[in-house]
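Report on the following structure.
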Amino acid sequence: MPVTSAAGSAVGPALQTRLMDVAQDAQTLAAALNHSALNIGNATGAWVGGLVIAAGYGYTAPAAAGAALAVAGLGVLTVSVLLGGGVADVLAASGLGLFIGLLGTLAGRIESFAPSFELVAAFVATLGASLVAAQWAAINVRSVIIAALIVLLPGLMLTTAVVELSTRHLVAGSVRFMGAVAILLKLTFGAVA
């Protein structure tokens, strides 16, 4: 299970790097669209799995449907790279995302490491991207760092905080909002350090 989780962490940075390279001046919009696409992908996967089960193919059939969707996704990635994406950027961000996913698994098991996880992850992403750029390949360091860390941004936490504050759940909303701000600060200081 930890290997699957860590491998899944490598996918987001690869997608983010590709989008950041292509978006150029609209990188914020590309990041937002990437998150939206991942959420749509999660919902679509659940929907397709439900359709397969409802059609009477059994509870193991969604795995085959998921494999078909994964093959389609790899095809899209291949076409994206062939149309001008930076392979070195994608590989660097994927490697860093995989390592950060492993760190996240470690943080889940070591209670004393959990509070500093985001700080360490941002530092590792910055150091790793800088080392790759200096020693091995010409990459867009900023895009690789952002792509490797995008999965750690507290988007849902901020959204939930705003909803709670707007519905007058002031204590819960304030606490959740400050938790999100703390995560953002740890990511910022880790990347700047």
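Okay, here's what the table says:
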{"quantity": "Tabulated pairs, the range 15-43, first hydroxyl-bearing (Ser, Thr, Tyr), second open to solvent by less than 60 Å² (accessible area, probe 1.4 Å), C-beta under 6 angstrom, 6+ apart or interchain", "calculated": "Thr17/Asp89; Thr17/Val90; Thr17/Ala93; Thr17/Ser143; Thr17/Val144; Thr17/Ala147"}
{"quantity": "Extreme residue, modelled with the highest pLDDT, among residues of the range 77-94 that are surrounded by fewer than 18 Cβ atoms within 10 Å (Cβ to Cβ) and in a helix (DSSP H, G or I)", "calculated": "Ala88"}
{"quantity": "Residues of the range 103-119 satisfying the condition of being part of a helix (DSSP H, G or I) and open to solvent by less than 50 Å² (accessible area, probe 1.4 Å)", "calculated": "Leu103, Gly104, Thr105, Ala107, Ala114, Ser116, Phe117, Glu118"}
{"quantity": "Check on Arg176, in a loop (DSSP other than H, G, I, E, B) and not polar (S, T, N, Q)", "calculated": "no"}
{"quantity": "Selection status of Ala72, modelled with pLDDT under 80, outside any loop (DSSP other than H, G, I, E, B) and open to solvent by less than 70 Å² (accessible area, probe 1.4 Å)", "calculated": "yes"}
{"quantity": "Selection from the range 131-172 of residues that are exposed (fewer than 13 other Cβ atoms within 10 Å of the Cβ) and of a type in the set (D, E, K, R)", "calculated": "Arg168"}
{"quantity": "Close pairs from the range 93-117: first farther than 16 Å from Val151 by Cβ, partner open to solvent by 40 Å² or more (accessible area, probe 1.4 Å) and in a helix (DSSP H, G or I), Cβ under 7 Å, at least 6 apart", "calculated": "Phe113/Leu106"}
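The values are calculated or read from the model by the stated rules, or taken from the named source; none is laboratory data. All values reported here derive from a predicted model rather than from experimental measurement. Here the Cβ is made from the backbone with ideal geometry for all residues, glycine too, and neighbour counts use every protein chain on show. Please note that ligands, DNA and RNA were not included when accessible areas were found on the heavy atoms of the full protein model with its side chains. Shrake-Rupley method; radii C 1.70, N 1.55, O 1.52, S 1.80 Å.
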